[in-house]
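S.K.: I'd like to ask some things about the structure below.
The values are calculated or read from the model by the stated rules, or taken from the named source; none is laboratory data. No experiment lies behind these values; they were computed from the predicted model shown. Using ideal geometry, Cβ is built from the backbone for each residue, glycine included, and neighbour counts are taken over all protein chains shown. The area values use the complete protein model at the heavy-atom level, side chains included, leaving out ligands, DNA and RNA. Shrake-Rupley method; radii C 1.70, N 1.55, O 1.52, S 1.80 Å.
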Amino acid sequence: MITIKDIAKEAKVSEGTVDRVIHNRGGVSKKTQARIEKILEYHNFSVNPVASALAMKNKHFIAALIPEHNDSDLFWKSPYLGILKGADDVKSFGVKVKNFTFNQYDPNSYLNTFHELLKTKPTAVIMVPNFSKETKLIVSKLESLNIPYLFLNIDIDGFNNIAFVGQDSYMAGYIAGKLMHLSIPKHSTFLIIQARHNITKNNAVSNRIKGFNDFFLKNEIHSKTQTLKIENLNNSLETREKINLYLKQHPEIEGIFVPSSRIYIVVDCISTNYLKNLKLIGFDNTPQNIECLKNDSVSFLISQKPFEQGYESVRLLTDYLKNKKSLLNNKIYLPIDILTKENVDYNERNKFVFENVN
């Protein structure tokens, strides 16, 4: 009798990928799904009802509430894939995992998606606390239902989340400050470019900025930082005009720090005559950012290891649900990777392998 393992070997994919196709759980490319379905049909494969019933025994369901990704903002694709990989690895423990995605710029989308998630009656929730006020409402509901929850990527104090999985954002900003100083080892003026929507909602961005500034303060380096706040980085015309006007008015600026994953937008907006004389540092190895790194528009990127964030969140919650291990307020910080054009291709190998297979 042919097994899922046999199907996976023939299709040259993981067993988890075959399982997702069989149970229609998504996360598989159309080309790969078609290949697997053709092999399943050829072998007249059917799910063993006895084995399926055993797998459903003591079932746990983890729901993940994370921002959606698109071609202009690919950062959240990595945690999404990490969660899928985690789902593959824990299904044998009777744990099912599903992603619920929302518009990261819309608090109503955040709340509405949570309400849809809640209808599935999850055993536990992985969530990105994107908006403070709405997060209080969500957490209050989860706690009233005794549903444990874990914060992913963004850490907010004052809640009873069983753990936080992500980056030490303050230290990441501190390292960015050190990299900037090493790149320009004299007293200089640096510009921090920040989108206004990040000013109120994202503790990670605020902590990075504090860490960046603290490097110079604590080491008594008399460089100065200025901040340019832009309403909407996606408005390329407005962003281009504001950045270039600011650089024209402040010719003393020698470096730019972008404490988010949108540094490629900033690069696209800066005039060439300014860009060639600036050092830029930003976050996250999205394809657009990597292109800027490789063509020397950006000096350094700091990786949050987002794929591992998603994967580790699933693993931790599964361990908590199955073994009742206490993780109260445990902060799981992942490595802070400094990326250059020479080493960027070696980062996030796990994500690339998983994505290509699927």
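S.K.: Mind listing just one residue for me: the one in the range 278-289 that is open to solvent by 10 Å² or more (accessible area, probe 1.4 Å) and at pLDDT 95 or above and, of those, farthest from the chain's Cα centre (by Cα)?
M.R.: Across the range 278-289, the extreme among qualifying residues is L278.
S.K.: Residue under question is S313, and the condition is that it be part of a helix (DSSP H, G or I) and small (G, A, S); does it hold?
M.R.: Judged against the criteria, S313 is a match.
S.K.: Quick one: P122 ticks every box in (1) at pLDDT below 95; (2) crowded, with 22+ Cβ neighbours inside 10 Å except a single one, so which number is it?
M.R.: Here P122 meets the rest and fails (1).
S.K.: Testing P185 on (1) touching a residue at least 24 places away in the same chain (Cβ under 8 Å); (2) outside any strand (DSSP E or B), one condition comes back false. Which one is that?
M.R.: (1)
S.K.: Which one of the conditions (1) assigned to a helix (DSSP H, G or I); (2) under 18 Å from T225 (Cα atoms) does L191 fail to meet, given that it meets all the rest?
M.R.: Unmet for L191, out of (1) assigned to a helix (DSSP H, G or I); (2) under 18 Å from T225 (Cα atoms): (1).
S.K.: Inspect all residues belonging to the range 95-109 and state whether any of them is over 17 Å from G310 (Cα atoms), open to solvent by less than 70 Å² (accessible area, probe 1.4 Å), hydroxyl-bearing (S, T, Y) and modelled with pLDDT of 85 or more.
M.R.: Yes, there is a match, as at least one residue in the range 95-109 is over 17 Å from G310 (Cα atoms), open to solvent by less than 70 Å² (accessible area, probe 1.4 Å), hydroxyl-bearing (S, T, Y) and modelled with pLDDT of 85 or more.
S.K.: Under the condition of being touching a Phe, Trp or Tyr at 6+ places or on another chain (Cβ under 8 Å) and in a loop (DSSP other than H, G, I, E, B), which residue from the range 125-145 is surrounded by the most Cβ atoms within 10 Å (Cβ to Cβ)?
M.R.: Among those that are touching a Phe, Trp or Tyr at 6+ places or on another chain (Cβ under 8 Å) and in a loop (DSSP other than H, G, I, E, B), it is P129.
S.K.: In addition: Taking the range 1-36, which residues are touching a helix residue (DSSP H, G or I) at 6+ places or on another chain (Cβ under 8 Å), surrounded by fewer than 15 Cβ atoms within 10 Å (Cβ to Cβ) and in a helix (DSSP H, G or I)?
M.R.: Within the range 1-36, K5 is the sole residue that qualifies.
S.K.: Additional query: Among the residues that make up the range 164-180, is at least one of them outside any helix (DSSP H, G or I), modelled with pLDDT under 95 and over 22 Å from the mean Cα position of the chain (by Cα)?
M.R.: No, that holds for no residue.
S.K.: Please enumerate the residues belonging to the range 300-310 that are at pLDDT 95 or above, open to solvent by less than 30 Å² (accessible area, probe 1.4 Å) and not in a helix (DSSP H, G or I).
M.R.: Within the range 300-310, L301, I302 qualify.
S.K.: Is one or more of the residues making up the range 61-79 over 29 Å from R262 (Cβ atoms) and either at pLDDT 95 or above or surrounded by fewer than 20 Cβ atoms within 10 Å (Cβ to Cβ) (or both)? Steps first, answer last, please.
M.R.: First, the residues of the range 61-79 that are over 29 Å from R262 (Cβ atoms): 61-62.
Pick out the ones that are also either at pLDDT 95 or above or surrounded by fewer than 20 Cβ atoms within 10 Å (Cβ to Cβ) (or both) and you get 61-62.
Yes, there is a match, as at least one residue in the range 61-79 is over 29 Å from R262 (Cβ atoms) and either at pLDDT 95 or above or surrounded by fewer than 20 Cβ atoms within 10 Å (Cβ to Cβ) (or both).
S.K.: Report yes if some residue within the range 340-356 is under 18 Å from I126 (Cβ atoms) and at pLDDT 90 or above; otherwise report no.
M.R.: no
S.K.: For the range 225-268, how many residues meet the condition of being within 26 Å of the chain's Cα centre (by Cα) and buried (at least 17 other Cβ atoms within 10 Å of the Cβ)?
M.R.: Within the range 225-268, the subset within 26 Å of the chain's Cα centre (by Cα) is 227-236, 239, 255-268.
Within this subset, residues satisfying the condition of being buried (at least 17 other Cβ atoms within 10 Å of the Cβ) are 228, 230, 233, 239, 255-267.
Here the count works out to 17.
S.K.: So, one more: Considering only residues of the range 146-156 that are open to solvent by 10 Å² or more (accessible area, probe 1.4 Å) and in contact (Cβ under 8 Å) with a residue 12 or more places away in the chain, which is farthest from the chain's Cα centre (by Cα)?
M.R.: Across the range 146-156, the extreme among qualifying residues is I147.
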